[in-house]
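> Right, I'll just put the structure down here and ask away after.
The values are calculated or read from the model by the stated rules, or taken from the named source; none is laboratory data. Since we're looking at a predicted model, the values are computed, not measured. Cβ placement follows ideal geometry from the backbone for every residue including glycine, while neighbour counts extend to all protein chains displayed.
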Amino acid sequence: MIIATVITWLRYRKNKMILLACFWLVACTEPLHLYQPIDVTRAGQTARFDFKIHTKGDYRFALLFDTGSDFNERRRRFNIFGEQDERGVALTVSLVIVKDGHVFFDEKIKSIGTEWTQHIRYEGKEINTAVRNLNILTLPPGNYQATVSPLSDTPEFNGILSFFDVDFFNPKI
């Protein structure tokens, strides 16, 4: 009886340890968050990411713009970006997403306004950015390549650090 109890306890503890290890591994897995600078002031510039999706989910493709730190500069920049009900300066881009060597998504997008801000770390600095969504797509598992290119010159964005961003998207409702 005692031996059976000890064996049951060890099995239970082993299962518990395996379960905890699985939770720990999942908790340590970082969701996809890629960003890199792009010059949005000149047509034809590109930013591209190669990435792998292991689990089907929603992914956001966006442009991020450095909001600046000085109050007056922030106001000037948000007039360009747009916010809430303001459209800002339109920025037309091409967004192409290739999955496993085949075009999955290919559209020209007229990007206007921003909806929220996002904090990123770039070259050792913390940067607050305004987010301009391009699209949110549900992506199945596979190997992907995402490319964004401005289609026209937008000199209004001169001097504003801009980024192409790909994020796992799981909004809190």
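> Every residue in the range 145-163 that is within 22 Å of the chain's Cα centre (by Cα) and under 23 Å from residue 128 (Cβ atoms), please. Let's see the steps before the verdict.
So in the range 145-163, the residues within 22 Å of the chain's Cα centre (by Cα) come out as 145-151, 157, 160-163.
Residues satisfying the conditions are 148, 150, 157, 160, 161, 162, 163.
> Just for the range 19-39: of the residues that are assigned to a loop (DSSP other than H, G, I, E, B) and farther than 20 Å from residue 153 by Cβ, which one is modelled with the highest pLDDT?
So, considering only residues that are assigned to a loop (DSSP other than H, G, I, E, B) and farther than 20 Å from residue 153 by Cβ, the one modelled with the highest pLDDT is 32.
Every residue, every condition in (1) within 15 Å of residue 77 (Cβ to Cβ); (2) touching a Phe, Trp or Tyr at 6+ places or on another chain (Cβ under 7 Å); (3) outside the structural domain of residue 56 (by TED's automatic domain parsing); (4) at pLDDT 90 or above, yes or no:
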{"position": "127", "(1), (2), (3), (4)": "yes, no, no, yes"}
{"position": "142", "(1), (2), (3), (4)": "no, no, no, yes"}
{"position": "147", "(1), (2), (3), (4)": "no, no, no, yes"}
{"position": "152", "(1), (2), (3), (4)": "no, no, no, yes"}
{"position": "156", "(1), (2), (3), (4)": "yes, no, no, yes"}
{"position": "162", "(1), (2), (3), (4)": "yes, yes, no, yes"}
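> Here is a further query. Name the residue, out of 87, 48, 42, that is in a loop (DSSP other than H, G, I, E, B) and either surrounded by 16 or more Cβ atoms within 10 Å (Cβ to Cβ) or at pLDDT 95 or above (or both).
Values: 87 fails: either surrounded by 16 or more Cβ atoms within 10 Å (Cβ to Cβ) or at pLDDT 95 or above (or both); 48 fails: in a loop (DSSP other than H, G, I, E, B).
Exactly one residue qualifies, and that residue is 42.
> With the checklist (1) polar (S, T, N, Q); (2) in contact with a helix residue (DSSP H, G or I) (Cβ under 6 Å, 6 or more places away or on another chain); (3) touching a residue at least 60 places away in the same chain (Cβ under 8 Å) in hand, flag the one item residue 114 doesn't pass.
Against the list (1) polar (S, T, N, Q); (2) in contact with a helix residue (DSSP H, G or I) (Cβ under 6 Å, 6 or more places away or on another chain); (3) touching a residue at least 60 places away in the same chain (Cβ under 8 Å), residue 114 comes up short only on (3).
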